[in-house]
Amino acid sequence: MKIICRDVPPRAAWALEQAGVHPLLARLYAARGVSSRDELDDALSRLLPPEGLKGAAEAARLLADALAQDRRICIVADYDCDGATACAVGVRGLRQLGARHVDYLVPDRVVDGYGLTAPIARRVKDTGADLLVTVDNGIASVEGVAAANALGLQVLVTDHHLPGPQLPDAAVTVNPNQPGCGFESKSIAGVGVMFYVLLALRAELRARGAWGKGAQPRLDSLLPLVALGTVADVVRLDANNRRLVAQGLKRVRAGSMPAGIAALFAAAGRQPQAATTFDFGFALGPRLNAAGRLADMRLGIECLLTDDAARATELATALDGINRERRVVEGEMREQALLLAESLFDEGEDPPPALVVFDPDFHEGVVGIVAARLKERFHRPTFVFAASQAPGKEHELKGSGRSIPGFHLRDALDLVAKRHPGVLLRFGGHAMAAGCTVAEDQLDVFEQAFAQVAQEWLDAATLLRRLHTDGPLAPEWRRPELAEQLQREVWGQGFAPPVFSEEVEVLSQRLVGDKHLAVKLRHQGQPVDGIWFGRTEPLPARAHIAFRLETDEWQGTRRVRFLIEGAEG
């Protein structure tokens, strides 16, 4: 591992400090590209206007007409946290704006697969709906939209995924990544796109005189859901996404949130008044995602839709139980996948440029998590495959991949598809995460083709794990109140949480629970405790470590502890 300190533009750091930003935060923000205090203003008035999102105005007119005609609307969701929160935002928001007939349908990961398909369109038609709205999917559903059109349904696609060579023939498409869209926040999540459509709809209804001179509905109650889906989907936290997340966090901390979010906080043992992006990404998000992986995402969506606290608690408890089951399944799969991956190269050798593993007993709902674990362990683009459990698809394998910086996973799949037509039955995704389906007898061909692309695209520099840090931590900043202030800020993908690095003296070390390394360090001449989760090998007497700050309480005294992220060498 190579530890690299981020550059801190001195002028930007100075300008932020002069504007009243704490000196340490000024340094951290400047290193992440912030050059003025204005960029840190998270007021709702600073959000990008919906007028810049291509298709939003047309979607607003389509929905406003549907409301005026009392038409039935059905939302087709996705089975991950972004899809679930986008669905909840759509249902809640449309009802707030006057829709009387709003229903939703979420595909089953195993039976239906991803996105709007022809069978899903038929099921929507059977509900009596007139207008089908996709959230967090649809941009690749060319056949599904065509089937919906043939059934007489109007289709509004709201999505944020990258489009393929052909766009679906929807009545309206809202996606910042579609050709011709100048919306600055290309990284907005699916839930953010749906929120923006609602903002545009409210403006359209206001222009039509829907509320006269009375108060119009407030949509800010949806922001906790927007924040949760945005963080959990690991989209890049650009300035606009950070504002959405900050506004959601403010409302959660103030106790203003849907009953389901409050219940999920309780099920996770977290405190809403101290909510952080970490809670969204690692406590609430996984509990919702578990339903889509192992059970039925309707559980998660119902949890986010109910206003009954007792019902929310019941659903959140069920989601917590499913998540515990997911952890067991994941743990067993991870151990087997690790053995399979290690069998691909000899001990003492470097791993191959790409890893592909498959076991007939793997659960397709968890392959993405396991791929992420292997990618973290070996720092290689990784695909994990499981046998499809869908009826009639028994000879297909469904794979989920995770990548490393410098290797665009979807583009790699696209090249495999071009070089070996027919090997990939379906594929899609992003730079860092993608999915694909192959016939079982074509797995070897895929593995060799994927390895060939990795061999061509990756060099030694890219294959070396790099950990970007914020450099040394001055001893005066090693304080509990400052560590807690850092935790309250909006960090995430593309706006990394602070990680410091420097050489420390290791005074003592011991294993905790046989799998975590607890250490006592001398940092800047003063003793401090540290822990490295998942590390069993001892550190040398002096070590160049990378660490985050956390607070804990010992005998009634709050103190700072180092969470070690890595060590150079």
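Structure notes:
- Figure legend. Inter-residue proximity from the range 117-141: first residues aliphatic (A, V, I, L, M), second residues surrounded by fewer than 24 Cβ atoms within 10 Å (Cβ to Cβ) and in a helix (DSSP H, G or I), beta-carbon distance below 7 Å, spacing 6+ or different chains. Indicated pairs: Ala118/Glu143; Ala118/Ala147; Ala121/Ala147; Leu131/Ala66.
- Taking the range 375-386 as the range and being in contact (Cβ under 8 Å) with a residue 40 or more places away in the chain and either surrounded by fewer than 24 Cβ atoms within 10 Å (Cβ to Cβ) or in contact with a Pro (Cβ under 9 Å, 6 or more places away or on another chain) (or both) as the test, the residues that pass are His379, Arg380, Pro381.
- In the condition set (1) at pLDDT 95 or above; (2) more than 30 Å from Glu489 (Cβ to Cβ); (3) exposed (fewer than 15 other Cβ atoms within 10 Å of the Cβ), Gly348 is compliant with all but (1).
- Test: residue in the range 8-24 that is within 26 Å of the chain's Cα centre (by Cα) and either farther than 19 Å from Arg243 by Cβ or modelled with pLDDT of 95 or more (or both): no
- For the residues Ala203, Ala227, the requirement of being outside any loop (DSSP other than H, G, I, E, B) and more than 24 Å from Val76 (Cβ to Cβ) singles out Ala203.
- Some residue of the range 449-463 being in contact with a Cys (Cβ under 6 Å, 6 or more places away or on another chain), outside the structural domain of Thr536 (by TED's automatic domain parsing), within 25 Å of Phe345 (Cα to Cα) and not hydroxyl-bearing (Ser, Thr, Tyr): no
- Filter pass, Arg218 being of a type in the set (Lys, Arg) and either in contact with a His (Cβ under 6 Å, 6 or more places away or on another chain) or closer than 20 Å to Leu486 by Cα (or both): no
- Looking only at the range 1-58, and only at residues there that are polar (S, T, N, Q) and not in a loop (DSSP other than H, G, I, E, B), the one that is nearest to Leu223 (Cα to Cα): Ser45
- When residues of the range 460-473 are limited to those that are modelled with pLDDT of 95 or more and more than 24 Å from the chain's Cα centre (by Cα), the one surrounded by the fewest Cβ atoms within 10 Å (Cβ to Cβ): Pro472
- Residue match in the range 211-222 (condition: at negative phi, crowded, with 18+ Cβ neighbours inside 10 Å and assigned to a helix (DSSP H, G or I)): yes
One line per residue, one yes/no per condition, for (1) in contact with a Ser or Thr (Cβ under 9 Å, 6 or more places away or on another chain); (2) acidic (Asp, Glu); (3) assigned to a loop (DSSP other than H, G, I, E, B); (4) closer than 17 Å to Arg293 by Cβ:
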| position | (1), (2), (3), (4) |
| --- | --- |
| Ala312 | yes, no, no, no |
| Val329 | no, no, no, yes |
| Arg334 | no, no, no, yes |
| Asp361 | no, yes, yes, yes |
| Gly365 | no, no, yes, yes |
| Gly368 | yes, no, no, yes |
| Val384 | yes, no, no, yes |
| Ala390 | no, no, yes, yes |
| Leu425 | yes, no, no, no |
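- Of the residues in the range 303-310, at least one is surrounded by fewer than 19 Cβ atoms within 10 Å (Cβ to Cβ) and charged (D, E, K, R).
- Qualifying residue in the range 493-512 (condition: of a type in the set (Gly, Ala, Ser), at pLDDT below 95 and either assigned by TED's automatic domain parsing to the domain that holds Ala239 or more than 30 Å from the chain's Cα centre (by Cα) (or both)): no
- Among the residues of the range 1-33, those identified as under 17 Å from Gln485 (Cα atoms), touching a residue at least 60 places away in the same chain (Cβ under 8 Å) and touching a helix residue (DSSP H, G or I) at 6+ places or on another chain (Cβ under 6 Å) are Leu24, Arg27.
- The residues of the range 529-567 that are among the small types (Gly, Ala, Ser) and surrounded by fewer than 14 Cβ atoms within 10 Å (Cβ to Cβ), listed by number, are Gly534, Ala541, Gly556.
- Candidates Arg100, Arg95, Arg109, filtered to the one that is basic (Lys, Arg), in contact (Cβ under 8 Å) with a residue 40 or more places away in the chain, out of contact with any Leu (no Cβ under 7 Å at 6 or more places or on another chain) and assigned by TED's automatic domain parsing to the domain that holds Asn175: Arg109
- Selection count where residues are modelled with pLDDT under 95 and outside any helix (DSSP H, G or I), scope the range 272-294: 0
- Residues of the range 115-139 satisfying the condition of being touching a Pro at 6+ places or on another chain (Cβ under 7 Å) and either of a type in the set (Gly, Ala, Ser) or over 23 Å from Ala56 (Cα atoms) (or both): Ile120, Gly138
- When the range 83-141 is filtered for residues that are within 19 Å of Asn177 (Cβ to Cβ) and of a type outside the set (Ser, Thr, Tyr), the ones remaining, listed by number, are Gly83, Ala86, Gly115, Leu116, Val133, Val135, Asp136, Asn137, Gly138, Ile139, Ala140.
- Taken together, Gly300, Gly260, Gly292 contain a single residue that is of a type outside the set (A, V, I, L, M), over 30 Å from Glu39 (Cα atoms), buried (at least 19 other Cβ atoms within 10 Å of the Cβ) and touching a Ser or Thr at 6+ places or on another chain (Cβ under 8 Å), which is Gly260.
- Put simply, of Arg61, Arg71 the only residue that is of a type outside the set (S, T, N, Q), assigned to a loop (DSSP other than H, G, I, E, B) and modelled with pLDDT of 95 or more is Arg71.
- Unmet criterion (only one of (1) in contact with a strand residue (DSSP E or B) (Cβ under 9 Å, 6 or more places away or on another chain); (2) more than 23 Å from Leu198 (Cα to Cα)) for Asp103: (2)
- Per the listing Ala56, Ala60, the residue uniquely in contact with a Pro (Cβ under 6 Å, 6 or more places away or on another chain) and in the same structural domain as Gln178 (by TED's automatic domain parsing) is Ala56.
The values are calculated or read from the model by the stated rules, or taken from the named source; none is laboratory data. What you see is a predicted model; the values in this text were computed from it and never measured. FYI the Cβ positions are ideal-geometry reconstructions off the backbone, even for glycines, and counts take in every protein chain you see.
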